[in-house]
Amino acid sequence: MKISSTTCPLCETDYEQSVESEYVYGGKEIQNYIYCKNCDLYYITPKPSEEELQEFYINNFEDFMDKRSGTDSNWKEEKVHFEIQKREAQRRMPFLLSAIKKNISVLEVGASTGFMLNAIKEAEPNVMLYALEPSKQFSSYLEKLGFECYRKFEEIAQEKKFDLIIHFFVIAHVHNFESFLLNYLSKLNKGGQMIFETPSATDALYQVYDIPEFKKFYWQVAHLVTFTNKSMKYLLDKHHLKYEIIPHQRYDLSNHMVWMQNGKPGGREKYKEIFSNNLEIEYRKSLEEKWHCDSMIVKIYR
Ligand SMILES: [Zn+2]
């Protein structure tokens with residue numbers, strides 16, 4: 001274990017910091033991924049500047065994701081992406097349903113091609129939907145679909161508030177996760193909720209099966225921080241929030257088998273003819289119960 005002299009961006013401790021990975025996928029030679037033993041946060045160092053990130057999310061994110069996802073998704077053609085992402089919407093909707101009510105206003109931060117907002121509209125047509133999306137490609141697509149679309153937080157009128165704010169796989173990407181969280185929480189109406197999803201570093205592929213190729217893939221330049229249930233709790237307690245953290249497994253058993261066999265992503269549903277639906281459900285449940293899942297859903301109540 002190599003000691004790092006960095007300071008943790010969450011608990012601000014400057015001891016008990018160690019180098020988790022010297023290799024960062026898509027990163028620069030000098031970048032490392034650091035683990036803070038005190039609060040259980042993983043973070044990149046040195047982190048990209050705010051300007052570099054802005055440029056990346058306005059112009060290049062779809063390219064980066066397209067290469068990374070291989071055949072599993074399509075980030076180049078909005079329409080194809082939208083269709084494929086319907087699967088994601090189906091997965092996420094159960095976590096949102098109790099918060100979706102008639103006449104509420106919903107803001108999605110990082111709305112991508114609008115597939116989540118669309119699924120919400122299908123569940124409850126009488127809602128006011130707002131999108132925030134910095135990407136040039138996706139924001140013009142959202143406007144074409146008829147959504148009101150902000151490009152950044154500062155564009156939201158000061159008095160404007162929402163009943164439900166959602167963001168999926170955004171908080172790990174932003175320059176300052178703490179001010180991001182607090183900024184958007186300040187935009188919640190009383191009685192409102194924020195619901196979001198972010199990867200969990202407790203991922204069985206990483207912490208249980210210990211696959212070297214996965215390690216090289218996992219610590220990526222687009223994620224400036226990676227939480228576990230412990231570090232997420234630390235963040236939310238630090239700001240005295242009322243919350244719930246739900247363990248969640250996204251990827252299926254076939255994907256895990258292919259990682260173990262070939263050291264590559266993209267095996268989703270490969271063995272679906274052999275594995276029963278029950279096996280998949282039980283496998284996911286086991287990982288979630290033991291907190292060896294790859295993701296977490298967080299609900300914050302105001
Ligand atoms: Zn820390």
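The values are calculated or read from the model by the stated rules, or taken from the named source; none is laboratory data. Note that the coordinates shown come from a computational prediction; the quantities given were computed from them, not determined experimentally. So basically every Cβ, Gly included, is an ideal-geometry build from the backbone, and we count neighbours across all protein chains shown.
Things to note:
- Test: residue in segment 77-87 that is at pLDDT 85 or above and either loosely packed, with under 13 Cβ neighbours inside 10 Å or more than 22 Å from PRO134 (Cβ to Cβ) (or both): yes
- Condition met for ALA111 (surrounded by fewer than 16 Cβ atoms within 10 Å (Cβ to Cβ) and part of a loop (DSSP other than H, G, I, E, B)): no
- Lone unmet requirement of (1) over 30 Å from LEU164 (Cβ atoms); (2) touching a residue at least 24 places away in the same chain (Cβ under 8 Å); (3) under 22 Å from the mean Cα position of the chain (by Cα) for GLY263: (3)
- Residue ID - farthest from PRO48 (Cα to Cα), chosen from residues in segment 4-27 that are touching a residue at least 60 places away in the same chain (Cβ under 8 Å) and within 11 Å of the ligand (Cβ to nearest atom): CYS11
- Of all residues in segment 241-283, those satisfying the criterion of being in a helix (DSSP H, G or I), surrounded by 13 or more Cβ atoms within 10 Å (Cβ to Cβ) and not small (Gly, Ala, Ser) are LEU253, ASN255, HIS256, MET257, VAL258, TRP259, MET260, LEU279, GLU280, TYR283.
- Only one of the listed residues (PHE217, PHE138, PHE227) is under 18 Å from the mean Cα position of the chain (by Cα) and closer than 18 Å to LYS299 by Cβ. That residue is PHE227.
- Residue in segment 97-108 that is within 20 Å of LYS136 (Cα to Cα) and of a type outside the set (Lys, Arg) present: yes
- Residues in segment 90-108 that are among the aliphatic types (A, V, I, L, M), assigned to a helix (DSSP H, G or I), within 24 Å of PHE153 (Cα to Cα) and touching a helix residue (DSSP H, G or I) at 6+ places or on another chain (Cβ under 9 Å): LEU96 only.
- Residues in segment 28-54 that are in a loop (DSSP other than H, G, I, E, B) and within 15 Å of the ligand (Cβ to nearest atom): LYS37, ASN38, CYS39, ASP40, LEU41, LYS47.
- Under the condition of being under 12 Å from TRP291 (Cα atoms) and either of a type in the set (Phe, Trp, Tyr) or within 14 Å of the chain's Cα centre (by Cα) (or both), the residues counted in segment 230-244 number 0.
- Beta carbons closer than 6 Å, at least 6 apart along the sequence or on distinct chains, pair a first residue in segment 78-90 that is farther than 19 Å from GLY266 by Cα with a second that is of a type in the set (Ser, Thr, Tyr) and buried (at least 18 other Cβ atoms within 10 Å of the Cβ) for GLU78/THR113; GLU78/TYR141.
- Filtered residues of segment 180-239 (kept if surrounded by fewer than 18 Cβ atoms within 10 Å (Cβ to Cβ) and of a type in the set (Gly, Ala, Ser)): SER186, GLY191
- Pairs where the first residue, in segment 220-244, is within 30 Å of PHE56 (Cα to Cα) and the second is within 11 Å of the ligand (Cβ to nearest atom) and not hydrophobic (A, V, I, L, M, F, W, C), C-beta under 6 Å, 6+ apart: VAL225/TYR43; THR226/TYR42; THR228/ASP40; LYS230/ASP40; SER231/ASP40
- Scanning segment 199-226 for residues that are under 19 Å from ASN176 (Cβ atoms) and touching a strand residue (DSSP E or B) at 6+ places or on another chain (Cβ under 6 Å) returns PRO199, GLN220, LEU224, VAL225, THR226.
- All positions within segment 98-107 that are under 15 Å from PRO125 (Cβ atoms) and loosely packed, with under 11 Cβ neighbours inside 10 Å: LYS102, ASN103
- Here is the figure for segment 141-179: residues that are part of a loop (DSSP other than H, G, I, E, B), loosely packed, with under 14 Cβ neighbours inside 10 Å and more than 20 Å from the chain's Cα centre (by Cα) total 5.
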